[in-house]
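The numbers here are math on the coordinates, done by the rules we state, and not lab data. A quick note: this is a predicted structure, and the numbers were derived from the prediction, not measured. Virtual Cβ from ideal backbone geometry, glycine too; neighbours counted across all protein chains shown.
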Amino acid sequence: VVHASESVSDQTSSRELLVDLTGVGRGRLAAELERSLREAIRSGRLRPGVRLPSTRSLAVDLGVSRSVVVEAYDQLAAEGYLATRPGAAARVSDLSAAGPGGGAGGGSAPVPRSSGGRPAPPTRPAPTPVGAADPALSPARPGEVDLRPGSPDLAGLPRATYARAVRRALATLTDAELGYGDPRGLPRLREALADYLGRVRGAVVDPGDLVVVNGFAQGLVVVSRLLAGLGVGAAVVEDPGSFHTSGHLAAQGVAPAPVPVDAEGLDVGAIGPGLRAALVTPAHQFPTGAVLSPDRRRRLVEWAERVDGLVVEDDYDAEYRYDHHPVGAVQGMAPGRVVLGGSTSKTLAPGLRLGWLAVPPALSADAAGHKRHIDIMAPVLEQAALAELLASGAYERHIRRSRARYRGLRDVVVEVLAAELPGAVVRGTSAGLHLLVETPGVGDEAAAVAEAARRGVRVVGIGPHRHRAGPAGFVLGYGHLPEPALRRALATLAAVVRGAAG
Ligand SMILES: Cc1ncc(COP(=O)(O)O)c(C=O)c1O
C-alpha cells in the first residue's frame, strides 16, 4: 500500500496517491489505477494544480509496467481530470468551478429556481413539426436495405438470456412491487444502474437520484419540465445535431438554440448569452462522431456553473468505442450540474423503451414528480428484467460481444467507402453505431436520398440534422446489417453519389 499524507502539496509523490494495486489482475491494472485517481481528484484529496508523479516513477513504485500508468493518465486526460503536456508533469485539472459532487469538493451546486435572463431566440424553429411523420423512423419497406442510423443489431438480442431474466423477474417481484410504486423506478434497478454507471461510465450516481424512464426520449420530456420549472425556455443543441432530440425538446416548448460542432465536439465558446441549458452528446457526437475534447468538457462544465445552468448529457451509444475504452461521462465531473441520460435502445433494442436519468440531487425530487405526472412509473416487469441482466453481468457480456461485431462492420464501411468514393470524407472517432460520410460533390442531397430509395437503399442525409448550411453527406447506420447486405447497400449508395456528383 502506498501511504498518503493528509495534505497534498504542489508535487505529489507516489506515496501520497494512496493507490493500492495489490491483488488486482493484470488486465484490470490500468482501469483500477484510473478509478483510484479519479476518485482522489473528485473527493478533493488530489487538489487542482497538483503535479502527479512521472509515469516512470509511479510505475516503479506500484510495481507495474509504465504502459499501465500511461494508459490511466491518458484516459483521465481525455476525461478532463488531468491536464497533460508533452515533456511536462501531468497536473490535476481544476474542477472546482464545476462544483464536483461528493467528498470535499463542496457537494453539488443546486440549480436555484430563478428565472434568469431571457433566453436567446432560436435561430430556426423546431425542426420537426409536432404531428409530422418522421422519415427517419418510418419502417423500411420489404426488400429495402436500411442504412439509416439508430438501431443496434436486433437479431442479436440475446432472447434466451432475456427470457431467463424476465422469468426470474416474475418469480422475484413481490406482490407489493406489482402495485403502484416509486415513480423513480424499482429500487433494485436503480441500485444496479447506479453501480453500472459508476463503474462503466465514471458517473457519480446515487440510486435515489435516478429516474427510470421510457427511453431517453421520455427523459427529454422530464428534462423539459425541469427546465420550465427553472424558467429556462431554450436549450443549446448541437449543430449538426440529432433532429430527433431537438424535436423532442421543441415539442415540449423548449426552443433549440443551435451551436456549432467541430472536430472537438460542441464549440462551448460559441454559446450565446442568455442560455442556461445545453443538450450534448459528449461520448460520440450525433451525427459527426466527434468525442468532446478534454478542454471542451472542462469549458462546458465551467459554462454551466457560470450561468447557473444545466447540462443534459445524452450518453448516446457510449458503450461502443473501438480504439480505446469509452471516455467517462461528463456527469462525473459535475454531478450537480449535469443530467446524465441513457437507455437500452442501442445496447438491447429501442422497442424496449427503457432508459434512465441521473439527476442532480437538487432536482431529483422534481424529476420524480414529473415522471409520476407523465405515466406514474415505468413498467415494472421490464425494469426487474433489466436489473437481472445488469446484476448477472449478462448486460455487459452482451455489450462486449456486440462491440466486436460493430467494430468489424464499421471497418467494412470505411473500407468500402475508401474504395468506392475516394473523394468522400469519413468523419468521427472509431466508435458507435453510425458514421458521417461527407460527399461535398453532391449538389442535391435530398435528391440523392430519393434516388437511393428508388434503388432500394434507405439513407438519411446530414441535411435534416443541420441548422446551418454545410457539405452534403450521409449519416450511415451499420450495426444492424449482415455484412453482405451492408456491402451491397454501400455500393449502391456510392453509385448514386457518383451519379449525383456528375
Ligand atoms: C442522439 C439521440 N439520442 C437519443 C435518442 C433517443 O433514444 P431512446 O430510444 O432512448 O429514446 C435518439 C433517438 O432518435 C437520438 O437520435
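Could you state, as a whole-number percent, how many of the C-alpha pairs of region 370-500 are farther apart than 25 Å?
Numbers: 3498 of 8515 pairs.
Taking all Cα-Cα pairs of region 370-500, the fraction more than 25 Å apart is 41 percent.
Starting from the amide H of Ala255, placed 1.01 Å from N in the peptide plane, find each other amide H under 5 Å away whose residue is 5 or more places distant or on another chain. Those qualifying (amide H under 5 Å, at least 5 residues apart or on another chain) are Ala234, Ala235. Computed from Cα positions, the angle between helix 361-375 and the longest principal axis of the chain comes to roughly 30 degrees.
In terms of overall dimensions, the C-alpha atoms belonging to the chain reach 70, 55, 53 Å along their principal axes, ordered largest to smallest. Across region 426-502, the relative contact order, built from alpha-carbon pairs under 8 Å that are at least six residues apart, equals 37 percent.
For region 351-418, the Cβ-based charge dipole about the Cα centre amounts to some 240 debye (Lys, Arg positive; Asp, Glu negative; other atoms uncharged). Every Cα-Cα pair in region 135-218 was counted, and those over 23 Å apart are 47% of them. Per residue, the average separation of C-alpha pairs within less than 8 Å and at least 6 apart gives the chain a relative contact order of 19 percent. Spin-label model, Ala447/Ala418: points 7 Å from Cα along the beta carbon direction are separated by 3.2 nm. Size descriptors for region 336-421 (Cα atoms only): Rg and Dmax, in that order, 17.9, 54 Å.
The angle separating the long axis of helix 187-201 from the principal Cα axis of greatest extent in the chain is about 90 degrees.
For the Cα atoms of the chain, what angle does the longest principal axis make with the long axis of helix 66-78, in degrees from 0 to 90, nearest 10? With rounding to tens, the tilt is 60 degrees. Taking a sphere under 15 Å around the Cβ of Arg353 and counting the other residues whose Cβ falls inside, with K and R at +1 and D and E at -1, yields a net charge of 0.
Within the chain, what's the longest stretch lacking trypsin sites (Lys or Arg not before Pro) that sit in DSSP loops with no more than 12 other Cβ atoms inside 10 Å?
114-467
What net charge is computed for the residues neighbouring Gly456, neighbours being all others with C-beta under 12 Å from the C-beta of Gly456, Lys and Arg scored +1, Asp and Glu -1? Summing Lys and Arg as +1 and Asp and Glu as -1 gives +2. For region 384-406, the residues whose backbone nitrogen is under 16 Å from a point 7 Å from the Cα of Leu178, taken along Cα to Cβ, are 384-385.
Is the shape of region 307-355 best called rounded, prolate or oblate, per the rule: a/c under 1.5 gives rounded, else a/b larger than b/c gives prolate, else oblate, with a ≥ b ≥ c the square roots of the Cα gyration tensor eigenvalues? The shape class here is oblate.
Viscosity 0.890 mPa s, temperature 25 °C: what is the translational diffusion coefficient of region 232-304 from Stokes-Einstein with a Kirkwood Rh over Cα pairs, rounded to a whole number of µm²/s?
203
For Pro48, what is the net charge nearby, where nearby means another residue's Cβ is under 10 Å from its Cβ and Lys, Arg count +1, Asp, Glu -1?
Surrounding charge for Pro48 is +1.
Net charge dipole, the chain: roughly 440 debye, given to the nearest 20, about the Cα centre with Cβ charges of +1 for Lys and Arg and -1 for Asp and Glu.
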